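Trainee: Encoded as structure tokens, here's the structure I'll be asking about.
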Amino acid sequence: MQHSYESLDRPGGFSRVNLLAPLRHRDFRLLWTGMTVSLLGDGIFLVAMAWQAYELWNAPAALSILGIGMTIPTIAFLLPGGVLSDRIDRRLVMLAADVGRAVVIAVLAVLAFTGHLTFWELVVLVAVYGVGMAFFTPAFDAIVPDIVPGPDLAAANSLDQFVRPIALRLAGPALGGALVAGVGTGAAFALDAGSFVASTIAIFLMRPPAHVRSEHAESSVKAVKEGLQFVRRRVWLWGTLLS
């Protein structure tokens, strides 16, 4: 989530920010809870994915290829995902992305359990997972201002940034390592699939305001071209993406 911090620049801005205020809103409470569970699953997935890659192909290139296989589809579909989230119900985009990723990880869990998973199947499934992430992220970022009043947006962003590193980089990987060591990668993948089911249920229960498309909305192709031009004109942005 990226929102304005202008309210914090005014005198007494920080004192007026109540970090728990956004949780008073039912839809944000559901979204934040589902996101937290999903991020825990993502942390588990990162560890299980890396371990599975080395089990299937014990080579230095294994994890690099897997990382590229997930990153390129994510970057490639971010712009189309953003355009789509501006044109249809963002909640539906998020539901489709979560259901799709749940199915992909469930397939991965079954293949890992049965011992039929190959390295290149892992790369393909992780790539599809990356596509789902590319569609989910812009819709998630865009729906927050729809369900949280302006004065609470800074706090909503803070809650997101608070839970993200804890769940994705600390608690999730720790749990993933314990699962991989104790019961194997199949169980870790299955738990991640379950986290997407929990996120899907939370999003399904949300009742955000109806998404109204602007009468002046441009074509999807033109919108993507403008997005690419925006990136091209900013060296720091395309340089970061390229690196």
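The values are calculated or read from the model by the stated rules, or taken from the named source; none is laboratory data. What you are looking at is a predicted structure, and each value in this text was computed from that prediction instead of being measured. Glycine also receives a Cβ, built like all others from the backbone with ideal geometry; neighbour counts cover every protein chain displayed. The accessibility values were calculated without ligands, DNA or RNA, using every heavy atom of the protein model including side chains. Shrake-Rupley method; radii C 1.70, N 1.55, O 1.52, S 1.80 Å.
Trainee: Please build a GNM for the chain, connecting alpha carbons under 10 Å apart, and tell me which residue among THR71, THR33, THR114 fluctuates the most.
Mentor: THR114
Trainee: Going by average Cβ density within 10 Å per residue, which order do the peptides 74-81, 94-101 take, highest to lowest?
Mentor: Descending packing order for the listed peptides: 94-101, 74-81.
Trainee: Stretch ILE88-SER243 to full length: gain in nm at 0.36 nm per residue minus the Cα-Cα span?
Mentor: Net length gain for the segment: 52.6 nm.
Trainee: Report the gain in length on full extension from ARG29 to SER64: 0.36 nm times residue separation, minus Cα-Cα distance, nm rounded to one decimal.
Mentor: Numbers: separation 35, 0.36 × 35 = 12.60 nm, distance 3.67 nm.
Here the answer is 8.9 nm.
Trainee: Using the per-residue mean of other Cβ atoms lying within 10 Å as a proxy for protection, in what order, highest first, do the peptides 227-234, 144-151 fall?
Mentor: On the way: 227-234: 11.6, 144-151: 16.9.
Highest mean packing first, the order is 144-151, 227-234.
Trainee: Something else: Can you give the charge dipole size of the chain about its Cα centre, rounded to the nearest 20 debye, using +1 on the beta carbon of Lys and Arg and -1 on the beta carbon of Asp and Glu?
Mentor: It comes to approximately 380 debye.
Trainee: A follow-up question, please. Evaluate the charge dipole of region 110-231 about its Cα centre and quote only its size in Debye, nearest 20, assuming +1 on the Cβ of each Lys and Arg and -1 on the Cβ of each Asp and Glu.
Mentor: 120
Trainee: When ligands, DNA and RNA are left out and all protein chains stay put, how many square angstrom of accessible area per residue does region 42-106 have with a 1.4 Å probe?
Mentor: Solvent-accessible surface per residue comes out at 44 Å².
Trainee: Also, I was wondering about something else. Among SER38, SER85, SER158, which one moves the most in a GNM of the chain with springs linking Cα atoms closer than 10 Å?
Mentor: Of SER38, SER85, SER158, the most mobile in the Gaussian network model is SER158.
Trainee: Taking K and R as +1 and D and E as -1, what net charge do the other residues with C-beta under 12 Å from the C-beta of GLY34 add up to?
Mentor: Around GLY34, the surrounding residues sum to 0.
Trainee: For the chain, what class follows from the C-alpha gyration tensor (a ≥ b ≥ c being the square roots of its eigenvalues): rounded when a/c is under 1.5, otherwise prolate if a/b is larger than b/c, else oblate?
Mentor: Since a/c reaches 1.5 and a/b is larger than b/c, the shape of the chain is classed as prolate.
Trainee: Helix 172-182 versus the longest principal axis of the chain: what angle, 0 to 90°, nearest 10, using Cα atoms?
Mentor: 20
Trainee: For the chain, what does -39500 (n - 2.57) per DSSP helix run (n ≥ 4), summed and divided by total residues, give at 222 nm, in deg cm²/dmol to the nearest 500?
Mentor: -25000 deg cm²/dmol
Trainee: Quick check on packing: order 49-60, 119-130 by the mean number of other C-beta atoms within 10 Å, highest mean leading.
Mentor: Packing proxy ranking, top to bottom: 119-130, 49-60.
Trainee: Sticking with this structure for a sec: So for the pair ARG169, VAL221, with labels modelled 7 Å out along Cα→Cβ, what separation do we get in nm?
Mentor: A separation of 4.2 nm, rounded to one decimal place.
Trainee: Rounded if a/c is under 1.5, else prolate if a/b is larger than b/c, else oblate: which is region 24-137, with a ≥ b ≥ c the root eigenvalues of its Cα gyration tensor?
Mentor: Details: a/c = 2.34, a/b = 1.70, b/c = 1.38.
Note, shape of region 24-137 comes out prolate.
Trainee: Related question: Can you tell me the dipole magnitude for region 59-154 around its Cα centre, using point charges on the Cβ only (Lys, Arg +1; Asp, Glu -1), in Debye to the nearest 20? Show your work: numbers first, answer last.
Mentor: On the way: 4 positive and 7 negative charges, 38 e Å.
For this selection, approximately 180 debye.
Trainee: Further question: Give me the percent of accessible area attributable to carbon and sulfur for the chain, probe 1.4 angstrom.
Mentor: That fraction is 68 percent.
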